[in-house]
Amino acid sequence: GGERDRSLTSPAPLRHAEMSRQATIDLALPPPPRDLTEEKLQLLDKAAGDVASTEEEGGQCAEATYKLMCCGTAGDNQFRELLARIIAPTERQFLTVDNIARSMQAPSRELRYRNFKLTGDAAKRDDFGWWFLSKVPPEIDAFQNDQILPALMAHTVRSDPRGFVDILRTRAFNHAPSWMVWENLTDERFDDIFANRFGAEMIRKPTEAELAHYDELFKMKMNQPRAHIPMPKLDKPTWGKKPNAERTPGGRRASDPTVREAGAANGLGEARTKLQKAKSAVGAGMAAAGKEIAVVDITELLRDVERKRTTYPTPSCKIFFSAHGGLHARAIVMYHVDGTTETYVRDKSETWHFAKRAAMASVLYAHQIGVHLVHGHLLCESMMVLAYKYLDPKHFFFKWLEPLAADVQFINESWGLGLILYGTIMEMGPITSDGIIKLVENAKTNAFEGDLTWDIIERLKPENSGVPESCKWNWRTTARVVAGIVRELATAVVDRFYDPNDAALAEFLSQCYWWRHTKTGCTGTRPAKPGDSQAGAKKQVINLMVEFYMNASYRHDYSHDDFLWRACSYLPPMLQRNVDPERPETYLPSKSIYAMNLQVTHALQAGVIETPLEGYPSAYGGDAQLKPAVDSFVHDMKALLAVANIQGEKATHGHMNQCGSMTH
């Protein structure tokens, strides 16, 4: 809770004021106790079943959870103490997401309102020009560390107790090699991450140099992406007619040998001509497919980032995707820390499987630190502290931001950064604490080029993403639907409350796009100015409301998607050091890393305290003029989620499964 220096020159400035809390916030499980026998694991399974089948959130669930603790799951005092806190009478309400939301909303709101001015006064800028909260109010810091973190662990136990048991079972799974707990990262799974999941946030248009590089790869490999161009149908040749066909001008029938041979020659010539045209069409289509490519490039994010010496130093990489008909990875270029470069082109070999796993280990950290933390949490923190600084809790604009990210700065500064830098997330990956700090610096330095870090919908356009409109890209399709629903509500709110003489809002708007004063090439919508028409000024406010929503809810939800929990068995966060690309058993990590991955990804989808679906009816639903727009928003968003659940993951909107926020 103390004031921090955000220079990021060393790990020290971002440590907790009381690092003794690290034992509590570090979610890594200890090694399994020696007496964790199969008999005890069976008891553990039964206890987990009791938790899963318990409908009441009171004493029965707490008793079932206590059984988990007594069956040997708490191998040391640290974990035993944490489980004991979860089932303590004052914290029983944390055992379900619904109870978390109900029990946490009121105290969270009360604390933020009581400390509103303190929070605004603590807004400062770091060496990169980013606004941040320099000092967390002490009572909020205590609430975050003493209430929120145990709630996250409780959610893990309560929401999927059998999965929780699986974490422990994996660590005691001694009769099989470590590498057998990992599943294959198939091409379909790999492509899905960038077409429908968090990887979609990192897609961009290739440069001319990258296009030329891709063309070279095209020539090098016979296994090229093929255009979906149908072969033209060939007309039946005339020599296929029956003998009694009409006669030729010379009096001979078409069935006579000399006529039949001549007809065959003519028909074959036509067929050859059409075949040649078909080949040309396919070739042209392949060339077009070669130009319709997109790139995921994490080289700038991972520049000079320190890797651990005890693991495989996962390289920076560029992933090339064909964007013709759908997004399909075609090549991976690895830039190793020793300066060497390797290129892998899609095929069925073990080396291609290795390339995908090595690339994903880097992409996971580049995304979770560079995109999720920096371009998500820290960027929204910079907006929120300005809202606390210039607005008040009753202002219509703050009411818009509140259900999306009102506590994000408290989460970041009280425990979030410390957990990432020094906890399990660092321990289970290939990057050191200093390396994570450097990654944060890189993400801040490289943000806002062309203003596309913030404006999601603009970034998804073909001219920025490289993905043509004809290419199926579900993440973009759903983003546009969500943005349309959100814009309707934002427009209604602004029409109802906007005042051109609102000095507080004008001051906030003059600062909220702070990066546009220092960055070149930012072509996004500028903030409203006094000389603008009222219609133009209102449009700027609406745009900011939609942009903030898309960052804090839609995009952010994919960083906490339960997909990560379900996919962690084929997304190892690091690889072993002695790599033989032909032999997965040499580089796939241990069961301990698998268990950490399982637990961290499960904690990531531990739910949120507030959501727009609850927050906006509370903020605006009491206004008779706005109630229809609010009801329409809630109905449309729930309908979209219902369609996604009914149609399944392979449907257009099937990947969307929540409408969340940054207030965990």
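Pairing residues of segment 477-500 that are surrounded by fewer than 19 Cβ atoms within 10 Å (Cβ to Cβ) with residues that are in a loop (DSSP other than H, G, I, E, B), at Cβ distances under 8 Å and at least 6 apart in sequence or on separate chains, gives 477/652; 477/653; 480/460; 481/653; 496/623; 496/625; 496/626. The set of residues in segment 315-340 being open to solvent by 10 Å² or more (accessible area, probe 1.4 Å) and not in a strand (DSSP E or B) consists of 324, 325, 336, 337, 338, 339, 340.
Just one residue in the set 469, 441 is among the acidic types (Asp, Glu), in contact (Cβ under 8 Å) with a residue 12 or more places away in the chain and open to solvent by 20 Å² or more (accessible area, probe 1.4 Å); that residue is 441. Select from segment 341-356 the residues that are part of a helix (DSSP H, G or I), of a type outside the set (S, T, N, Q) and open to solvent by 10 Å² or more (accessible area, probe 1.4 Å) and list them in ascending order. Answer for segment 341-356, where residues must be part of a helix (DSSP H, G or I), of a type outside the set (S, T, N, Q) and open to solvent by 10 Å² or more (accessible area, probe 1.4 Å): 350, 353. Listed by first and then second residue, the pairs linking a residue in segment 411-427 that is free of Cβ contacts under 8 Å to residues at least 12 places away in the same chain and part of a helix (DSSP H, G or I) to a residue that is open to solvent by 10 Å² or more (accessible area, probe 1.4 Å) and of a type in the set (Ser, Thr, Tyr), with Cβ atoms under 8 Å apart and 6 or more places separating them unless they lie on different chains, are 426/432; 426/433. From the list 386, 379, 404, which residue is crowded, with 22+ Cβ neighbours inside 10 Å and modelled with pLDDT of 95 or more? Checking each option against the conditions leaves just 404.
Checked against (1) more than 18 Å from residue 439 (Cα to Cα); (2) at pLDDT below 95, residue 394 passes all but a single condition, namely (2).
What's the total number of residues in segment 425-434 that are of a type in the set (Gly, Ala, Ser) and surrounded by fewer than 21 Cβ atoms within 10 Å (Cβ to Cβ)?
Kept after step one, since they are of a type in the set (Gly, Ala, Ser), are these residues of segment 425-434: 429, 433.
Applying the additional criterion that residues be surrounded by fewer than 21 Cβ atoms within 10 Å (Cβ to Cβ) yields 433.
The total comes to 1.
Does at least one position in segment 442-454 carry a residue that is closer than 27 Å to residue 577 by Cα and in contact with a Gly (Cβ under 9 Å, 6 or more places away or on another chain)? Checking segment 442-454: at least one residue is closer than 27 Å to residue 577 by Cα and in contact with a Gly (Cβ under 9 Å, 6 or more places away or on another chain).
The values are calculated or read from the model by the stated rules, or taken from the named source; none is laboratory data. All of these numbers come straight from a predicted model, not from anything done at the bench. Backbone-built Cβ (ideal geometry, glycine too); neighbour counts: all protein chains shown. Accessible surface is based on the protein model in full, side chains and every heavy atom, while ligands, DNA and RNA are left aside. Shrake-Rupley method; radii C 1.70, N 1.55, O 1.52, S 1.80 Å.
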